[in-house]
Amino acid sequence: MIYDIGDAVNLSTVVQDNGGTPVNTPTLTLVATKPDASTTSPAVTNTGTGGVYTAAVTVDQAGTWTYVWTASGTVTAVEPGQFTVRAQTVYVASLEEFKAQINRTDSTDDIELRGHLASSTRYVEYRIGGPVSVQSFTERHFIVGDTVIPRCRPLVAVTSITPDFGTALPASAYVADTGVNQIFLYYPVLPAWHTLVYMAGQALPAENIKLAGLIVAQHLWETQNGFAGRRNADDMIQTGMGFAVPRRAEQLLAIEAISGVS
């Protein structure tokens, strides 16, 4: 299962004796391990019915959480498990827009649909060279000459440029040319490693970018049903391992490519 930061994750387990009969008499504990390796031990509730024990974990970190139920007393046993917590992120389109794309109005498969939407967002961001929302990035660049090219685009603003040995360059020492996604220094600096902190991303993704993301997400959703769920098979880009993404999505993203860069 996939959850969001702040969710109360309800966990449960069934305790049985060696004969497979549910029992409610052992002592049961739950230890959950967070992505940063710290642990939490929520209170465990014995429902008194069918050997079912429950506990709730309020998640506060993104990543993979693991947990272990440990029974002692009349039954000695352990049962591990895990779940995933997503960081707050901006998708190429909203869940509501995706559900409209595939003509769904119920919420039965929302968790799965969000997974497809997250995957298509990653692909679209890879193709356009940057995120579909404005974010902060920290990178190291070896600066030689008077030009710095950030690795993500579109460039929005520069926060700081700091050499490894020295103080941050004054804002008057450079200009961020957002039109060409480059930073130009007004005067040369000694060749050295610098830490660049900047803002980049799409404040408002163009409609072709959003539609491409929706098409890829729809493709992921439909192909889980095998050939019966696929439409327009001739539209798929063939690769050595099968098909990748619909050509119509690639065509929508083609205009975002930088000249001379594949």
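The values are calculated or read from the model by the stated rules, or taken from the named source; none is laboratory data. The shown structure was predicted, so the numbers you read here are calculated from the model rather than taken from an experiment. Cβ sites come from the backbone with ideal geometry, for glycine too, and all protein chains shown count toward neighbours. Surface areas here come from the heavy atoms of the whole protein model, side chains and all, with no ligands, DNA or RNA. Shrake-Rupley method; radii C 1.70, N 1.55, O 1.52, S 1.80 Å.
Once the 1.4 Å probe is applied to the protein heavy atoms, the chain comes out at 56 Å² accessible per residue. Treating the angle as unsigned and between 0 and 90°, give the value, to the nearest 10°, between the Cα long axis of helix 110-128 and the longest Cα principal axis of the chain. Tilt of helix 110-128: around 20 degrees. Within the full protein context, the accessible area of THR70 is estimated at about 60 Å² for a probe radius of 1.4 Å. Among GLY20, GLY63, GLY81, the residue with the largest mean-square fluctuation in a Gaussian network model of the chain, with springs joining Cα atoms closer than 10 Å, is GLY20. If you sort ASP7, ASP60 by accessible surface, 1.4 Å probe, largest first, the order is ASP60, ASP7. Of the listed residues TRP221, TRP193, TRP65, the order by accessible area with a 1.4 Å probe, largest first, is TRP193, TRP221, TRP65. With only the Cα atoms considered, the chain has a convex hull volume of 210 Å³ per residue. Of THR13, THR64, the residue with the largest accessible area leads and the full order is THR64, THR13 (1.4 Å probe). Using a probe radius of 1.4 angstrom, the carbon and sulfur fraction of the accessible surface of the chain is 55%.
Dipole check for the stretch 1-157: with +1 at the C-beta of Lys and Arg, -1 at the C-beta of Asp and Glu, and the Cα centre as origin, the magnitude is about 400 Debye.
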